[in-house]
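A.B. asks: Pasting in a structure now, in structure tokens, and then I'll have a few things to ask.
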Amino acid sequence: MAPATRDLFSSRLGVLAATLGSAVGLGNIWKFPSLVGQNGGASFLVVYLLASLCIGLPLMISDLSLGRAGRSNVISIFQKLAPRTGWWLIGLSAIISCLLILGFYSDVAGWVFAYILKSATGTVSSTDPAAAQASFSSLLNDGPVSLFWQWLVLLLTGAIIMRGASAGIEKVTRVLMPVLFLLLVGVCIRSLTLPGASEGLRFLFMPQWERVDASVIMMAMGLAFFKMSLGMGCMLTYGSYFKEDVNIPLMATRVMICDLLVSLLAGIAIFPAVFSFGFQPAEGPALLFLTIPAVFSSMPGGTFFATLFFILSAIAATGAILSLLEVPVAWLSERFSLPRSKAVPILLAGLVLLGLPATLSTGPALQDVKLFGLTFFDLYDALSSTILMPLSGIVTSLFVGYFWEKEQMLAALGGGMPARLVRTLCRTVTPVLITLVLLHGLNII
Ligand code: PHE
């Protein structure tokens, strides 16, 4: 049973910080800017914006409104709004996805935390990419050290979650989000004042429509989905902590714009420096753990700026992990009437076990063990991001578009034109587009 007085986010700024904290993650740093640069610059941004408007925004508004209307955890929301039906399976899928993502995302976040120390102590300061590779491999190959960092991340975020929605998530993200923004601006200024910085800006922003083909469009749609933390119950759960006076369509639009801004700033912090020192643009772990340390080592004040960069990346990862942890914690504590002080340790113990194979699969211990041709790390990623997330996005939009009683749905979204528009999109364009993303992810189209 949900507690009689639910712990709600106390201020609008807090709502923005917490929700943005979930949306901003490593995706903003190692994924978004590289994808923009490689797939058409400003042209890709136009496609991404359209994808956000057709998929990201309507679903984010839907998730937040469902959460507020159900005022409960991801499973009970649907049991309340659609009693005696199977729609609660959306919630079950969300909990499973969160656990899977946490299993490997906490591992990656651990690497980021380890790199704060490595860059501050100058251990990774070498302009030679081979040395950067050796340093990164030594971390991956050392199981106990990788596990130490992963567990540290889980303990740290668990301690915040233990304090609840307003005293934990809201309070912490209200401080962390402005800090992240300031650090990012600081690194941008450093990067933009390097000689030859304009080459990096050209890489990021020069429109190239010829690069935009069907698969780039699919990628932009998938990205819009992942960026806004959809299909995992994070927005459903956070919506359940929104007060009645929060204008959800407006808040979701703000989050979308701020998230985009953070991604663009990350691109401006990274690529002018990358090009200025003649490195190749990369993406994913290679960008963060190989290129960035080498690039920063090449510049004056490099140790300082590299450390700042890893601190801001760790902040980004922390906000995302908080939202992922909150989904199962809210369910555990409400379903079994457990205080958070019990639910959080139980969850963390489960995550330590679940994370173990993922973490060890990036090193010698388990890297040769494969299921369906994938290591545990990749399997967790594929199951959650490629299958469960889009699937639950499709089902959620069908619920909102067709099953949720029209008047109730419109009222939950605050009525007016935005609510009607979201309903129309959820009945038509949104589920069709996410189905394409799902089929593309499964290599069917
Ligand atoms: N939006 C986060 C990012 O950009 C990832 C994320 C997805 C976080 C789903 C929570 C839930 O990295």
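A.B. asks: Of Leu16, Ser125, Ile311, whose Cα points farthest to the positive end of the dipole of the chain (charges on the beta-carbon: +1 Lys, Arg; -1 Asp, Glu; origin at the Cα centre)?
C.D. replies: The listed residue farthest towards the positive side: Leu16.
A.B. asks: Return the FRET efficiency for the residue pair Ile387, Arg420: r is the Cβ-Cβ distance, R0 is 41 Å, and the value is rounded to the nearest 0.05.
C.D. replies: Efficiency for this residue pair is about 0.85.
A.B. asks: Let me know the number of lysine pairs in the stretch 12-442 closer than 27 Å at the Cα, not counting same-chain pairs under 8 apart.
C.D. replies: Summing the qualifying lysine pairs gives 12.
A.B. asks: Here's a follow-up. Peptides 118-129, 388-399: what's the order by average Cβ count within 10 Å, highest mean first?
C.D. replies: So the order, starting with the most tightly packed, is 388-399, 118-129.
A.B. asks: Leu261 versus Ala159, label points 7 Å from Cα toward the beta carbon: distance in nm?
C.D. replies: The modelled label-to-label distance comes out at 3.1 nm.
A.B. asks: Each label point is 7 Å from the Cα along the Cα-to-Cβ direction; what then is the distance between the points at Arg254 and Leu192, in nm?
C.D. replies: According to this spin-label approximation, the distance is 2.5 nm.
A.B. asks: Let me ask something additional. Which ³J(HN,Hα) values in Hz, rounded to whole numbers, follow from the phi angles of the stretch 373-378 under the Karplus curve 6.51 cos²θ - 1.76 cosθ + 1.60, where θ = phi - 60° and Gly and Pro get x?
C.D. replies: So the J values, rounded to whole Hz, are x, 10, 6, 4, 4, 6.
A.B. asks: Sticking with this one: Kindly write out, for the stretch 10-20 in residue order, the coupling ³J(HN,Hα) from the Karplus curve 6.51 cos²θ - 1.76 cosθ + 1.60 (θ = phi - 60°), rounded to whole Hz, with x marking Gly and Pro.
C.D. replies: Karplus-based 3J(HN,Hα) across the stretch 10-20 equals 8, 9, 5, 5, x, 4, 5, 4, 5, 5, 5 Hz.
A.B. asks: What ranking do 147-153, 57-63, 8-14, 22-28 get when scored by the average of other Cβ atoms within 10 Å per residue, highest first?
C.D. replies: Answer by packing, highest mean first, reads 57-63, 22-28, 147-153, 8-14.
A.B. asks: Using mean Cβ contacts within 10 Å as the protection proxy, how do 224-235, 75-86, 307-318 order, highest first?
C.D. replies: Result, highest mean Cβ count within 10 Å first: 224-235, 307-318, 75-86.
A.B. asks: State, to one decimal in nm, how far the label point of Val175 lies from the label point of Phe148, with both points 7 Å from Cα in the Cβ direction.
C.D. replies: 2.6
A.B. asks: Explain nothing, just the number: dipole magnitude of the stretch 248-369 about its Cα centre with +1 on each Lys and Arg Cβ and -1 on each Asp and Glu Cβ, in debye rounded to the nearest 20.
C.D. replies: Roughly 300 debye, rounded to the nearest 20.
A.B. asks: Give, rounded to the nearest 20 debye, the magnitude of the charge dipole that the stretch 12-442 has about its Cα centre when Lys and Arg contribute +1 at Cβ and Asp and Glu contribute -1 at Cβ.
C.D. replies: 1060
A.B. asks: Same structure, new question: Pull out a ≥ b ≥ c, the square roots of the eigenvalues of the alpha-carbon gyration tensor of the stretch 166-235, then state rounded if a/c is under 1.5, prolate if not and a/b is larger than b/c, and oblate in the remaining case.
C.D. replies: Oblate shape, in that a/c is at least 1.5 and b/c is the bigger or equal ratio.
A.B. asks: Any idea which of Thr173, Gln408, Val47 is furthest toward the positive side of the dipole for the stretch 12-442, if Lys and Arg beta-carbons carry +1 and Asp and Glu beta-carbons -1?
C.D. replies: The Cα lying farthest towards the positive end belongs to Gln408.
A.B. asks: Tell me, what is the FRET efficiency for Thr123 and Leu371 to the nearest 0.05, using R0 = 30 angstrom and their Cβ-Cβ distance as r?
C.D. replies: Details: r = 35 Å, r/R0 = 1.15.
Using R0 = 30 Å, I get an efficiency of 0.30.
A.B. asks: HN-Hα J couplings of the stretch 342-349 from phi, Karplus 6.51/-1.76/1.60, θ = phi - 60°, integer Hz, Gly and Pro as x?
C.D. replies: After applying 6.51 cos²θ - 1.76 cosθ + 1.60, I find 9, 5, 5, x, 4, 5, 4, 4 Hz.
A.B. asks: Which FRET efficiency value, to the nearest 0.05, is calculated for Asp213 and Gln280 with the Förster distance at 35 angstrom and r the Cβ-Cβ distance?
C.D. replies: Calculated transfer efficiency: 0.95.
Throughout, read-outs are computed from the coordinates displayed, never taken from laboratory work. Just so it is clear, the model here is predicted, and its values are computed rather than measured. Note: ideal-geometry Cβ built from the backbone for every residue, glycine included; neighbour counts use all protein chains shown.
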